[in-house]
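**Student:** Supplied in structure tokens, the structure appears directly below.
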Ligand SMILES: [Zn+2]
């Protein structure tokens, strides 16, 4: 028999955990307990993260701030996916068209607009501003730059 270093009750030499206080008695048992606690902590973190995502992703434009960045793509609503796809198409489309017209001033404005509407740019604005710009803002910025670019292309 030996005694538990924590509660000093007598325990079996072969015991891996103290029957009185549950303290691990071998290096292995201590590691096992450590891993178990970490797994539990991760589980709790994952559960609360998923709950956050659900409460934030109710489809309204107001609640898609920081939380949305951690929501995997599959969990985006159809509307959001459509929006993202539209942004990519409009952005890349504008850039590709503008590149063919590049020596002209309007082309550079059009490229700026195309870059502005790409979804990753919206995410980048979250860094300095605290929360990402609303998609309406990006779409508006794109519309203004695109119109300006086209106007310059036509007029110059
Ligand atoms: Zn003990």
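**Student:** Taking residue 16 and the conditions (1) touching a helix residue (DSSP H, G or I) at 6+ places or on another chain (Cβ under 8 Å); (2) within 10 Å of the ligand (Cβ to nearest atom), which numbered condition does it fall short on, given that it satisfies the others?
**Tutor:** For residue 16, the failing item is (2).
Conditions tested, residue by residue: (1) more than 16 Å from the ligand (Cβ to nearest atom); (2) in contact with a helix residue (DSSP H, G or I) (Cβ under 8 Å, 6 or more places away or on another chain); (3) modelled with pLDDT of 90 or more.
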{"site": "7", "(1), (2), (3)": "no, no, yes"}
{"site": "32", "(1), (2), (3)": "yes, no, yes"}
{"site": "51", "(1), (2), (3)": "yes, no, no"}
{"site": "56", "(1), (2), (3)": "yes, yes, no"}
{"site": "64", "(1), (2), (3)": "yes, yes, no"}
{"site": "101", "(1), (2), (3)": "yes, yes, no"}
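**Student:** Still on this model: When both residues are 6+ apart or on different chains and their Cβ atoms are under 6 Å apart, which pairs have a first residue that lies in the stretch 93-106 and is free of Cβ contacts under 8 Å to residues at least 40 places away in the same chain and assigned by TED's automatic domain parsing to the domain that holds residue 146, and a second that is surrounded by 12 or more Cβ atoms within 10 Å (Cβ to Cβ) and in a helix (DSSP H, G or I)?
**Tutor:** Matching pairs, first to second residue: 95/111; 95/114.
**Student:** Need pairs with beta-carbon distance below 7 Å; first residue within 20 Å of residue 34 (Cα to Cα) and in a strand (DSSP E or B) and within the stretch 8-21, second more than 8 Å from the ligand (Cβ to nearest atom) and at pLDDT 90 or above; sequence gap 6+ or separate chains.
**Tutor:** Close Cβ pairs satisfying both conditions: 17/24; 17/25; 17/29.
**Student:** Does residue 26 satisfy the condition of being within 11 Å of the ligand (Cβ to nearest atom) and surrounded by fewer than 14 Cβ atoms within 10 Å (Cβ to Cβ)? Spell out the reasoning first.
**Tutor:** Values: within 11 Å of the ligand (Cβ to nearest atom): no; surrounded by fewer than 14 Cβ atoms within 10 Å (Cβ to Cβ): yes.
Spelling it out, it is not the case that residue 26 is within 11 Å of the ligand (Cβ to nearest atom) and surrounded by fewer than 14 Cβ atoms within 10 Å (Cβ to Cβ).
The values are calculated or read from the model by the stated rules, or taken from the named source; none is laboratory data. No experiment lies behind these values; they were computed from the predicted model shown. Because the Cβ atoms are built from the backbone with ideal geometry, glycine has one as well, and the counts that use them run over all protein chains shown.
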